[in-house]
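Below you'll find the structure, written out as structure tokens, and then a few comments.
The values are calculated or read from the model by the stated rules, or taken from the named source; none is laboratory data. Note that the structure is predicted; figures quoted are calculated from it, not measured. In this analysis, Cβ positions are derived from the backbone assuming ideal geometry, glycine residues included, and neighbour counts consider all displayed protein chains.
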Amino acid sequence: MQIIQKIFCLLALSCILVSCNADKKDTVETIYHEPYRPQYHFSPASDWMNDPNGLVYFDGEYHLFYQYYPDSVVWGPMHWGHAISIDLVHWKHMPVALYPDSLGYIFSGSAVIDMENTTGLGEAGKPAMVAIFTYHNQNWADEGRKDFQYQGMAYSLDKGRTWLKYRNNPVLPNPGLADFRDPKIIWHAITKKWIMTLAAWDHVRFYSSPDLVNWKFESEFGKGSGAHGGVWECPDLFEMPVTNVPGTGKWVLLVSINPGAPNGGSGTQYFVGSFDGHSFNWDESEIKWIDYGMDNYAGVTWSNVENRRIFLGWMSNWAYAQVVPTYPWRSAMTSPRELFLLYSNNKYLVSGRPVPELNQIGKLLVTRKNVIINNEETGLVLGNAELSTSRIIMNISLESSGGFEIELANNEKQKVVLGYTTATGEVFLDRTKSGRTDFNVLFAAGMHKAQARSNMKEMMIEVLIDKSSVEFFFNNGEYVLTDLVFPDSDYNSLKIHSISGTAEIKDLGVYSMESVWN
């Protein structure tokens, strides 16, 4: 009788939550106009969101699942929210995909398409979309047990619209390790098996399976390698061609860490090396980061996309994510970015650029060519411009200059300054005077830097501004800095000047970006 009562309670709770979610979805057109609300980045209609999960492409649709708590703007028992896009720009909100159950909250994970029906869960003409995720058993955590996280599975036969939990969960029990979570699944064609990359406190573990159900431990990586200022999370392993060395390829491993990022709080490091289906070998010893700003965390890539590697991150930082001044939603995702692997100066570099699909929502406002700029007083100034949802693309030459600065400002003299210093090779983004910073000490200390090459002379710069965020792509995305900002009014002035000497803006385009929610 107790079992029946529990089942009834869970069904009733599910109905209530589905109803709530439907009500919120119905109001999407009446919101998305609040202060600081992004207009062309994904954010939930309401309530709390963090890590992107289960990124998978199937039958013309990009699926975005994400960590979601539908009852508050602060973190709570995790669900998987869900949205679908056909172009990575316009998103349709879907009902919550996965709810907590008796095994625990639904933490981060990934999704794949089981085209060969290795699980036996598919049907004729209906390959299963399979999600592997972490169950977080809060009761066990409160009891002090180490094994409170383990891996579960769910599947969908209708392109992700409805989901069934696997009847024999968990598929990978915990061997006694704390922080045993965030499985990312790939198909390894050479060995003809599924590979799971899993975070385990300060390293990652690799498992293999013929069927996504029965898993075998293969190896581990990371103890003593990379950054170790905090717990490792949200790994992603994939193979990439080397763009500028045709015919060659390497394996890339992304690992998020919190805290321990180069500019404080949360960040995502990456490793380039080889993987044979059993173990990962790192080719280098330098710690590298997918983004040097404060606000790109837990990023992973879409599975089942041919000939492209598309990345998405959570645009926030655990140091202050729960206190940023937004309501009735909290958090957004970064722009979707296409990743490229480059080889230069005897090392590998992962670059990230906004996906070209963003071009469809940009309207050219201003264009300039062959403009000579000098110091702050004699730079290029564009005033009375609507820059709160904009995109700046610039080719610049620094032949006789000490670098450049781009300044975005508003009528309150609040500003964001970003640029490059030739002598030191520093790429920087300064948000110390960007607007509201009083809600967190680390947020207020907002000068963020990346170490690029010194004495660079020509480069392509791109900046995305969307109400409460600035994404700075330096030199075709070789270095990226993403930061949240909360100005008291929209930025409406753009100034570009050299740090010293003379620079030339070869080509400049400033675009107004349409809202994708209207």
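General remarks:
- Of the criteria (1) within 18 Å of G352 (Cα to Cα); (2) touching a Pro at 6+ places or on another chain (Cβ under 7 Å); (3) not aliphatic (A, V, I, L, M), which one N475 fails: (2)
- For the range 488-503, a residue qualifies if it is part of a strand (DSSP E or B) and either buried (at least 19 other Cβ atoms within 10 Å of the Cβ) or among the basic types (K, R) (or both), and the qualifying residues are L494, K495, I496, H497, S498, A503.
- Count of the range 480-503 residues which are acidic (D, E) and touching a strand residue (DSSP E or B) at 6+ places or on another chain (Cβ under 6 Å): 1
- For the range 334-369, the set of residues classified as closer than 30 Å to F271 by Cβ and surrounded by fewer than 16 Cβ atoms within 10 Å (Cβ to Cβ) consists of Y343, S344, N345, N346, K347, P356, listed by residue number.
- Condition check for G104: crowded, with 17+ Cβ neighbours inside 10 Å, at pLDDT 95 or above and more than 28 Å from W517 (Cβ to Cβ): yes
- Among the conditions (1) farther than 20 Å from Y150 by Cα; (2) crowded, with 16+ Cβ neighbours inside 10 Å, L172 misses just one, which is (1).
- Output for the range 267-290, where each listed residue is part of a strand (DSSP E or B), over 30 Å from P44 (Cα atoms) and not hydrophobic (A, V, I, L, M, F, W, C): G273, S274, N281, K288
- Condition broken by N455, with the remaining ones in (1) more than 30 Å from N317 (Cα to Cα); (2) out of contact with any strand residue (DSSP E or B) (no Cβ under 9 Å at 6 or more places or on another chain) satisfied: (2)
- Number of positions in the range 342-383 that are on the phi > 0 side of the Ramachandran plot and either of a type in the set (G, A, S) or under 32 Å from the mean Cα position of the chain (by Cα) (or both): 2
- Flag for F238 being touching a strand residue (DSSP E or B) at 6+ places or on another chain (Cβ under 9 Å), free of Cβ contacts under 8 Å to residues at least 60 places away in the same chain, among the hydrophobic types (A, V, I, L, M, F, W, C) and not assigned by TED's automatic domain parsing to the domain that holds T482: no
- The condition (being free of Cβ contacts under 8 Å to residues at least 60 places away in the same chain and over 22 Å from E478 (Cα atoms)) is satisfied by just one residue among F221, F217: F217.
- Among all residues of the range 223-235, there is at least one that is surrounded by 20 or more Cβ atoms within 10 Å (Cβ to Cβ), on the phi > 0 side of the Ramachandran plot, outside any loop (DSSP other than H, G, I, E, B) and assigned by TED's automatic domain parsing to the domain that holds F58.
- Test: L121 is more than 17 Å from K184 (Cα to Cα), surrounded by 14 or more Cβ atoms within 10 Å (Cβ to Cβ) and not acidic (D, E): yes
- Selection from the range 79-120 of residues that are assigned to a loop (DSSP other than H, G, I, E, B) and either among the hydroxyl-bearing types (S, T, Y) or within 20 Å of Y150 (Cβ to Cβ) (or both): Y99, P100, S102, L103, T118, T119
- The one condition from (1) surrounded by fewer than 13 Cβ atoms within 10 Å (Cβ to Cβ); (2) among the hydroxyl-bearing types (S, T, Y); (3) under 16 Å from T301 (Cβ atoms) that T248 does not meet is (3).
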